Each structure stands twice: as structure tokens, then as C-alpha cells.
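The structure under discussion appears below in the form of C-alpha cells.
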Amino acid sequence: MEITRKNLIKLGLSAMAGGLLPPWLRRQALAAAGQPGKPRWPDLVAVRDGSPADMFDAGIAALGGLRRFVKKGQTVLIKPNIGWDKTPPEAADTNPDLVGRVVAAAKAAGAARVICFDHTVNVERACYQHSGIADAVKRNGGEMRSGGDRRDYRPVAVPGARVLKEVLVHKLYLDCDVVINVPILKSVCGGRVTASLKNLMGVVWDRQYWHGEHLHRCIAEFPRLRRPDLNVVDAYRILIEHGFYGTGARDILVKKMQILSADPVLADSAGVRILGRRPDRIPYLKIAAGLGVGRIDLERAEIKRIVLKA
Amino acid sequence: MASRIRLLTRTAFLLLSLSVFFGVVADRRVVAAYNSLHLFPTLASLPWFALPPLGRFSLAAAGTLILVSLLFGRVYCSFLCPAGFIQDLARRLGRALGLAGRPAPGWMGPRLFILALSLALLAARSSAYHYLDHFSNLGRLYGAAAALYRAGPYGWGFWLGSLFAAGIILTSLRWPRWFCGAVCPSGTLFMLMQAVAPGKVRNGGCAQDCGKCGSACPLQCVAGGRIDARLCNNCLECAAACPRGSLAFSWRRPWSAPRGRGPRGDGFGMTRRELLSVAGLSLAGAAAGWPIKRRLAAQDRALVVVPPGGKGYQTFMERCAACGACASVCPTKVLTQAGRGGDPAKPQLDFDSGYCAYECNACLGVCPSGAISYFPIEAKRLVRIGVSRLRKELCISYAFERDCGGCQEACPTGAITMEPSGSVYVPVLHEARCIGCGACQFACPVRPRKAITVAPVAIHSFAAAPLQSMELPPAAAQSSGFPF
């Protein structure tokens, strides 16, 4: 074929069509027929107006039950936010009732071991105890582990990272079969919002490196190492001002909400909206979406909304 | 029998002292009573140690100790003291190695010089006695063992503790309890009390030198039925071993006892010449206290951050007995005896290795010398031990225009807020609310010089109440429905 301008354009167009058509056709076909035999589950489930534990029960049922995520005999890591020496009403750490219920559900789904830890910011023993989480985990048959021993952390390379090329990660996060991320939703200044993605800072040793190099990029790049299998964002009580610690009752808003999704970016985008902000204004969410960690477009996601009546 | 009881009491007391030192027992009544069983730090904390609400426990313990010592002599040393226990174990080792066998030299002159000096230092409000007394040294010994276990930090406290451990163990291989008989000022005080004590083992008329008392005595201070009153700890081992009852515990009014009549009497058997030299050395020790204190105080040392409850740099350094109990119970290990400023053996806060936890007042409850006063947690949260300084030219957010917020994230009082500046948020310091806990310095990722550091203050004060939010949440956040 003679290479003329006309031919070149033709060739280009047909190549584009040839490349784009099959996936598009496939998606259309799938959307029309659904996957045979497999029900389709929503991308995100949002629940409100119940207790944290009840909202989890309703939410996980709508996502197809925890058995979709946890198989018999597996080791499950539950990663709540236990970073702060604060009590449950102060909303700095994940709600202990919720963590307890997740542990119980994982056990009921057949998990061999359910382990829970956080690399706390404040004194670990005080955080574990005062947050009520250690008690809730043990009561429901889970194990509390320490995140404070450097020897438990292994250096691993993050695939395709530009800033966070290598990172010391807790062996439990690397070795367990299933990761259930159970953050609490908070508004903070440096990262602007903390939920699923930022909660993963609690499984690495050197958080200061993240702050020092490029906080947003590090937060966005880390899940490329391993994305949590399920994210349960606790938005029952949320801190809307003065960041991680919170300094008083005025900073706390009782929203009675919960978000469940396998996609941490999508879950965080919903969390950002609950805080009255826009997901595309949170730098790390935008970067994470660009890196393919998850999606930021809530409008196009399939969302199931559940309102529990007390 | 006597040895079994002593094994029991000394093991129990060793466990108690380890439990208090490492924070296993945190009941403040137990800690106060335990601390008051030690003469020197207790004397240093006079009269505060008797104040309510725990004063009655301290008073009861200290009163019992002094009463028992006045009645029975040096029983603290023989039935309780962990440092003595360690030396007795070392003596057994020495005997196995064939090194032991000689009594320690009961030098009266040097001992009384040390005692007089220690008391004079106390009177001059200097805690330099901590280099000599067993309590501070024992604490540093525990601390050194813990530092070895944790692989650091190695500083003055560690080296002093190691020196003490090596000193008492090595000398005891040959001379049992050399430290107790030659250095320990508490031991010398107890020795003086034993001289007037009515209840103790006394020399009997022993005609037959069977040698059983000598081999039973853990201090090698008895031979042929004669006890050396300079060394005797009234442990009763010799009396238990004596087949004829020549050596026996007896009860006699002190003034009716024959004293100063050679080794056979209750007294120290000093000649007039010895007595004069002892008196001279005691006076010299007493006179040396004030000049030594002046000399130490004159050394210009860098101000450091001292624990909350220390009230201020100078007050803390004057009272601190450098035992390291506070550093040992510190959960974040920000308190170390490996500091660089002040008196380097005394605990100070090193914010590059930790920060002072907001919800913790563990160190405030263990101080034996009154250097750290107790505040309930509500008050301690407001005690300002230093003030943060922010160097904008080093700060990531100011200098490189990148989001960081590490300091604000860690700040427990809201003394740091993040304000929008261009495309990023930058930290703004509100000094009035800063308590100098160092959480920001510890969290700051800038190396090697941190962008935010705590500057020590000479005198502690109370900071303003933590930040309270005055604004209402954004309207969008208030709606009860899903915003998506």
C-alpha cells in the first residue's frame, strides 16, 4: 500500500478502532448479559443510621457477604486506625465495636487466624488499651500483635513507584492472605483527609520518610505493593477539624455512616464527600487514580445506599 | 533458719525493687513506701515526702525503717538490700573460685569522711551524693542491664551503672561486701545505729575456737567468737551456727553495754589515735560539701529539658538522685540518662529519640528524691517543659512548598495549626498552647537539623488550654443524607 496522507489516516483510524473495539464490545456484552452464574455486586456500599457493628453487617451483606473476601482457613489481617492514645468518643481511632464485629465476621467466614495490629504514633500499649480495640479483638477471637518492633518489618520494592521505591513493611501485611482495612474517616491538614489509603501508613516503619519526600505521592504509590481486599470506612463519629488528635467535642461530628468497598480510592472519595469536600481536590486521591490503584469517579460507580432504621 | 529467712526477704525485696524500677508496680502508695525505705533520697526529699496524700505511707515506711534500725542495727543491709544481695552472690562465686576468705578492711576514716560529705552535700542542696550512695548506683545498675538488653542508649547513666556493677562484684570476689564496709554512706549510717542498738548478736565468752561462726559469716567479720562491729550486719548467721551458744542474739540497754573496750566489746575498738583521725576526716568531709556544691554549680552547662514535675532546670538538677527510675518507666524512652547537657548522669528529654507522651505521667510517680513532683494527668498535660521553635527555612512546607503536616499531626494541644498558603498547607506555631512535649520535633522528617525543635525553659510553667474549635462544621458536612 502506497503511503499517502489519506492511507495513513485510514490506517491510523482502523488501528485505533481495532484496538479499542474488542474491549468495548466485551464490556457491552458483559453489561448486557451479566457474568453468567455470578451475581454482580455494587462497587461501593454506603450505610447510615445504625450502630457501627450493625451497619457493617448490613453493608457486607450487600457486598455479597464476607465469604466473598475470606476463604476457609485463611489468615486475615484487620488493620484499624489505633494510632492515638484516645478513647472511642474522641473519634481518633476506629470504633472498637466495628473492629470487633469485623473480627467476628472473619472468624465466622472460616478464617483460621484473625490478626490485628497498628504501628501506633502514640505509646502502643496505651493506644491498644484506651481505644478499646485490643479488648474488642480478643473478645471476638482475634489476636493483637505489636507493630512497634523494627525486626518485624521487611524492605520491599513498590512496583512502578517514583518516590516510594523501597519501603519497610510489616511482615503481617505482606504474609497474610486477606487484608481488611478498617480506617476511621477524619479531616486532617497535611493529607487533608485520612481514610483507607492513609491508614496504610500504619503498616510501614518509617512514616517520616513519607512526610519528608512527597506525602501525597507516597500515599498513592504504596497500595501498588498490595491493595487491601476490603475497605470498611468508619464514619460514625468523624473529626472535622484539628486533625488526628482532635482537641475537643466541637471537632467531632456524629454522622452515623459507613462505607464499604474493595476499592480504597473509591471508598476514600465517598469519605471526602461526607466531609463536604471534593475528591479531586485531594492530591493523593488524584495521583492514586492516575496510577490505577482505584477510581475516583463516584458518579459512574455503582453505589448501593442503605438506610437502617433504628 | 536465719539464712532461709534472709534468702526469702532479700529475694522479695529484690523483686519489689525491680518491679518499682521497671514500672511493673505502679501503685503510688507502694512506690512511695518503697522509696522511703532509702535514707538518702528520702532525706533529700524532706519535708515534701511527708505531704499528703501519700505522706502517711512514706512516713510509715521511713519511720519503721529507722525504728527497726535503732533497735536491731544494720538489718536493712542484711535482710533487704539488693546491692548487698548481689555482693553476697558474688562472694559465693569468689569462694568457688578460691578467691574469697578475707574480711573487707573496715576503714573507719574514709567511711565517715564519705558519710559526712554526703550529709553535707544534702545540706548544701546538692545531689552529688548519688555517686556514693547505694540506692542511686543500684538504680543505674538496673538501668545499665536494661540498656544492654535493649542495645542502648549508652551514656553516662549506663557507664556509671556498669562501673558500679563491676566494682561491687569484682571486689566482693575477694573481700565480701567491700562496698558496704568502705563506701556506702547509708551503710555507715546504719552502722552507727547498730552501735547503739539494743538487739543484736553479741560476743560471748568463747573458749573453744571451733571456726563455725567464721565459716557461716557472709562478711567474714567474725572469728573465734569475736565480732567486728565495723562490718557486722546483724544477719544472725553466726549465732545460728554457734554450737555452744556463745554467740547469740541478746537484748541489752545500750548504755549498759561495755563499749570501746577493744574488739571484745560492742564498740568499734578504736584507739585514741584512730578516733582523732576519724573525727578529723569527718570534719573534713562536712567542710568539703559546700565547696564541692559550689564548684559543681559553677560549671556552665547547657540547659536541657527536664521531666514535667521537675519544676525547672535548677530545682530538678539539685534534687535528682540520678537513679534513673523515671527513665526506666518512660514508655517512649524520651527520658534518658545519656544526655549531653546539665549533669549528664541525670535524666533529660532527648526529642530525637522520642517525645513526652501527652496521656502519660509515669515518671511523675516514681521519683524517690522529690526531684519530680506528682501531677495528676489533667494538670501534667498543661505543664510546659520547653517551647517549640519553627525554622521556616528548613521546613518542607515553607521551603519546598510540599504538603507534610507531620508536626501538626503529632501535636496534642493544637499548638500547631496548618494554614493554606498557595497550593499547600504550612504549619503555624501558637506558642501559648505549646507544652514542649517534643512530639513535633520527633515527627519532623527534616534531617539532620530538624525544622521544628524544642528549646528548654529554665522554669516550668503552665501552658494555655488546648485549642478548642470555635467554628461550626461546613454546611455540607452537616447534612444527614449521603452527599453522593
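The values are calculated or read from the model by the stated rules, or taken from the named source; none is laboratory data. Keep in mind the model is a prediction, meaning the values are calculated, not measured. Because the Cβ atoms are built from the backbone with ideal geometry, glycine has one as well, and the counts that use them run over all protein chains shown. The protein model used for the area step is the full one, side chains on, heavy atoms only, and it has no ligands, DNA or RNA in it. Shrake-Rupley method; radii C 1.70, N 1.55, O 1.52, S 1.80 Å.
Brief remarks on what is shown
- Considering all C-alpha pairs of the stretch B:326-484, those separated by over 28 Å amount to 29%.
- Nitroxide proxy distance, nm - points 7 Å out along Cα→Cβ at B:Ile292 and A:Val156: 5.9 nm
- Each Cα pair under 8 Å and six or more residues apart adds its sequence gap; the mean of these over the residue count of chain B is a relative contact order of 15 percent.
- For the peptides B:97-106, A:212-221, B:152-161, the ranking by packing is A:212-221, B:152-161, B:97-106, with the highest mean count of neighbouring Cβ atoms within 10 Å listed first.
- Trypsin sites (Lys or Arg not before Pro) within the stretch A:277-310: DSSP coil, no more than 14 neighbouring Cβ in 10 Å: A:Lys309
- Which of B:Ala147, B:Met270, B:Pro344, positive extreme of dipole for the protein assembly as shown (C-beta unit charges): B:Met270
- Of all aspartates and glutamates in the structure, the ones whose alpha carbon falls short of 13 Å from that of A:Lys72, not counting any fewer than 8 places away in one chain, are A:Asp177.
- Translational diffusion coefficient of chain B (Stokes-Einstein, Kirkwood radius from Cα pairs, 37 °C, 0.692 mPa s): 131 µm²/s.
- The separation of the stretch A:264-310 from the stretch A:52-101, counted between C-alpha centres, amounts to 19 Å.
- Only Lys, Arg, Asp and Glu carry charge here, each on its Cβ (+1 for the first two, -1 for the last two); on that basis the protein assembly as shown has a dipole of about 1640 debye about its Cα centre.
- When peptides A:167-174, B:382-389 are sorted by average Cβ neighbour count within 10 Å, with the highest value leading, the order is B:382-389, A:167-174.
- Residue among A:Thr94, A:Gly212, A:Leu13 farthest towards the positive dipole end of chain A, charges placed on Cβ: A:Leu13
- Relative to the Cα centre, the charge distribution of the stretch B:332-484, modelled as +1 at Lys and Arg Cβ and -1 at Asp and Glu Cβ, gives a dipole magnitude of about 440 debye.
- Sparse packing (at most 12 other Cβ atoms within 10 Å of the Cβ) combined with a DSSP loop state is found for none of the trypsin sites (Lys or Arg not before Pro) in the stretch B:115-174.
- Other-chain or far-sequence residues with amide H under 5 Å of B:Ser461's (modelled H): B:Arg384
- Amide N of the stretch B:374-415 lying under 15 Å from the label point, which is placed 7 angstrom from the Cα of B:Ser423 along Cα→Cβ: B:397-404
- Inter-chain neighbour count for B:399-405: the average number of beta-carbon atoms from partner chains within 10 Å of each residue's beta-carbon is 6.
- When accessible surface is computed with a 1.4 Å probe, chains B and A are found to bury approximately 3600 Å² between them, both chains counted.
- Gyration tensor verdict on the stretch A:41-307 (Cα atoms; rounded if a/c is under 1.5, prolate if a/b is larger than b/c, oblate otherwise): rounded
- Between the Cα long axis of helix B:55-72 and the first principal axis of chain B there is an angle of about 20°, rounded to the nearest 10.
- Rounded to 0.05, the FRET efficiency of the A:Glu143 and B:Gln299 pair, given R0 = 41 Å and the Cβ-Cβ distance, is 0.20.
- Virtual spin-label span in nm between B:Arg4 and B:Arg125, 7 Å along Cα→Cβ: 5.3 nm
- The protein assembly as shown - percent of accessible surface contributed by carbon and sulfur, probe 1.4 Å: 59 percent
- Point-to-point label distance, A:Asn7-B:Ala26, nm (Cα→Cβ direction, 7 Å offset): 8.4 nm
- The antiparallel fraction among DSSP beta bridges confined to the protein assembly as shown stands at about 70%.
- Put the Cα centre of the stretch B:126-159 next to the Cα centre of the stretch B:286-309 and the gap is 19 Å.
- A:Arg281-B:Glu401 FRET efficiency (beta carbon distance; Förster radius 25 Å; 0.05 resolution): 0.90
- Expected 222 nm ellipticity per residue - DSSP helices of 4 or more, -39500 (n - 2.57), all of chain A, to 500: -10500 deg cm²/dmol
- Gyration tensor verdict on the protein assembly as shown (Cα atoms; rounded if a/c is under 1.5, prolate if a/b is larger than b/c, oblate otherwise): prolate
- Helix axis angle, A:52-62 relative to chain A longest principal axis, alpha carbon, degrees: 30 degrees
- Antiparallel DSSP beta bridges within chain A, percent to nearest 5: 50 percent
- Taking 24 Å as the straight-line reach from the Cα of A:Lys186, the lysines in range (excluding those fewer than 8 positions away in the same chain) are A:Lys79, A:Lys86, A:Lys198, A:Lys255, A:Lys256, A:Lys286, A:Lys304.
- Sites listed here are chymotrypsin sites (Phe, Trp or Tyr not before Pro) in the stretch B:330-383 whose DSSP assignment is loop and whose Cβ has at most 12 other Cβ atoms within 10 Å, and the list is empty.
- In this structure, A:Glu213 and A:Lys71 have a Cβ-Cβ separation that, at R0 = 41 Å, corresponds to a calculated FRET efficiency of about 0.65.
- Cα-centred dipole magnitude for the stretch A:41-307, charges only on beta-carbon of K, R (+1) and D, E (-1), debye, nearest 20: 360 debye
- Per-residue ellipticity at 222 nm, computed for chain B from helices alone with -39500 (n - 2.57) per DSSP H run of at least four residues, works out to -12500 deg cm²/dmol.
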